[in-house]
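Written below as structure tokens is the structure these notes are about.
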Amino acid sequence: MNRWLILPVLVPFLSAVLLALLNGHPRLERAVNLVSCAGLTVFVFWLLGHVDSHGIQAMVIGGWFAPWGIAFVADRLAAIMLCLSMSVGTIVLVYTFFTVEPRQERYFFHPLSQVLLLGVNWSFITGDLFNLFVAYEVMLIGSYGVMMVGASKQQVRQTMKYIAINSIGSTLFVMACGLVYATLGTLNMADIALRSAQLEGERAALLTAVSMLLMVVFALKAAAFPVFFWLPDSYPIVPAGMNGYFAGLLTKVGVYSLLRLFVLCFRQPGAELVLEVLLVLSGLTMLFGVLGALCQWEVRKILSWHIISQVGYMVMGIGLAASGADVAQAAVAATIFYVVHHIVVKSSLFLIGGIAGRVSGSQELSQMGGIVELAPGVSILFLVAAFSLAGMPPFSGFFAKFVLIRAGLAGGHGVVVLVALVTSLLTLYSMSKIWNYAFWRAPSVAAAAGRYRAMMLPTAVLVLFTVLMGVVAEPFLRLANDAARDLLDPRAYQAAVLLPAPELAAAHAPTLGGVP
């Protein structure tokens, strides 16, 4: 079945082409888009079950064996992320059917949404560092288009900022790829893990320095401290519904890349230095993110700042991977579980924010109120999602933070654990501010009470999933533990990609510029 691994990339590509040809026929575009997303969702969930039962699957194209051919690899982590990408993408698409404007559909909204899916899926399934760069560029092209669709003055202004900062990140990324190739003679991730473990002395130190450059690139994409400043003003202007996909998935591509490269691939002596830096940055990311949220009085901006603070928890788990084998296993598993939790919860909160704005006629807390009376169902959904984001039991956020904090204490990192606990309390306070102003108090102006009930079904699906992850956490934690074990021990990954064996592939690798 390995030849089918290209489907998560091929299907969105073909769908984007078809939808571009169908532009001007909105009903047909919606049907094609939904069928494409739903069908691919079924496939990636099947792929997750197959990988979990039969091990890592790999496919190498281009007429070459790995490490020279283009590799597509599905391990547990990649399959989990593909399931999240497609399921959230499908749910968000249904939501946008009730929010997207005809003018936005005329400006290729549906083809651009498929281009965005193409880039995200490609980032998760690629087994090559340069192709990860290409996937990032495709994803960014789709995100630029979705942000700009409709072309209001605010959209143009914020999109140009977004393009500028990501252009800098892309330049650094391609420079880092060249430096990695000059140091190791390969860009295949399995081969990087093999060769980096054999480095010593100055070459190992050089690779650690290069990996620092990649850390900056992925931290920029993940919106970690200190390169998070682009996010709070960018995501609020994304069309309603699609901002749920942006909030849930796009920053997690950066977190995924940090996991993949710094836990699986870079294994040279001194690699733990990067993880220690990430641990320090995680605490600063949590703190600055939640403090930024406390200063905001617009729902979408509060939620955008909370993306930053929650990314800090995920980066914390990656940083703890340098704290010994037992702590690393628990920390990486907690990070994977946290990523799943946050994608679901943050996407649902942005969808709820869209409904709240529809009900009250505004996103400004000073102009909102009375949603408890006008839309009690929306209020219940918000409470569940907000409690989960803050880490209250019995929702998924509690288990994600509990496992992560326990790993931090086991590793002796009390300061970052304290920051995580304080951030959780401040998150609860920030969510209570939204509740008090937008939901609980009487409206300060006449509420618009727009149509919203059709938007609740896709939102409720996401909220129910976070409840399920909390009530029945064991299978999710088991899968996260297995995925963490795959990352920490790269031998199975190498054996699946570097056929017939990693040692044979390394022995037959060409010598380029004196680099084996």
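The values are calculated or read from the model by the stated rules, or taken from the named source; none is laboratory data. Keep in mind that what you see is a predicted model, and the values were worked out from it rather than measured. Don't worry about glycine lacking a Cβ; one is built from the backbone with ideal geometry, like all the others, and counts go over all protein chains shown. Protein only, heavy atoms only, side chains kept; ligands, DNA and RNA dropped before computing areas. Shrake-Rupley method; radii C 1.70, N 1.55, O 1.52, S 1.80 Å.
Here are the numbers for this structure:
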quantity: Answer from Ile380, Ile405 - the residue that is free of Cβ contacts under 8 Å to residues at least 60 places away in the same chain and farther than 25 Å from Leu464 by Cβ; calculated: Ile405
quantity: Odd one out for Met316 among (1) under 23 Å from Tyr235 (Cβ atoms); (2) part of a loop (DSSP other than H, G, I, E, B); calculated: (2)
quantity: Candidates Ser309, Ser211, Ser234, Ser304, filtered to the one that is assigned to a helix (DSSP H, G or I), small (Gly, Ala, Ser) and over 29 Å from Gln155 (Cα atoms); calculated: Ser211
quantity: Number of the exception - Leu365 against (1) over 22 Å from the mean Cα position of the chain (by Cα); (2) open to solvent by 10 Å² or more (accessible area, probe 1.4 Å); (3) of a type outside the set (D, E, K, R); calculated: (2)
quantity: Residues satisfying the stated conditions in region 2-39, i.e. open to solvent by less than 60 Å² (accessible area, probe 1.4 Å), closer than 18 Å to Leu82 by Cα and free of Cβ contacts under 8 Å to residues at least 60 places away in the same chain; calculated: Asn2, Leu7, Val11, Ala38, Gly39
quantity: The one condition in (1) open to solvent by 10 Å² or more (accessible area, probe 1.4 Å); (2) touching a residue at least 12 places away in the same chain (Cβ under 8 Å) that Tyr245 fails to fulfil; calculated: (1)
quantity: All helices (runs of 4 or more DSSP H) inside region 78-165 with 3 or more residues being closer than 19 Å to Val255 by Cα and open to solvent by 20 Å² or more (accessible area, probe 1.4 Å); calculated: 129-148
quantity: Residue match in region 264-285 (condition: in a helix (DSSP H, G or I), more than 19 Å from Lys401 (Cβ to Cβ) and of a type in the set (Gly, Ala, Ser)); calculated: no
quantity: Within region 166-200, tally of residues that are open to solvent by 10 Å² or more (accessible area, probe 1.4 Å), within 23 Å of Gln494 (Cβ to Cβ), touching a helix residue (DSSP H, G or I) at 6+ places or on another chain (Cβ under 8 Å) and among the aliphatic types (A, V, I, L, M); calculated: 4
quantity: Qualifying residue in region 191-211 (condition: within 20 Å of the chain's Cα centre (by Cα), among the basic types (Lys, Arg) and farther than 30 Å from Lys301 by Cβ); calculated: no
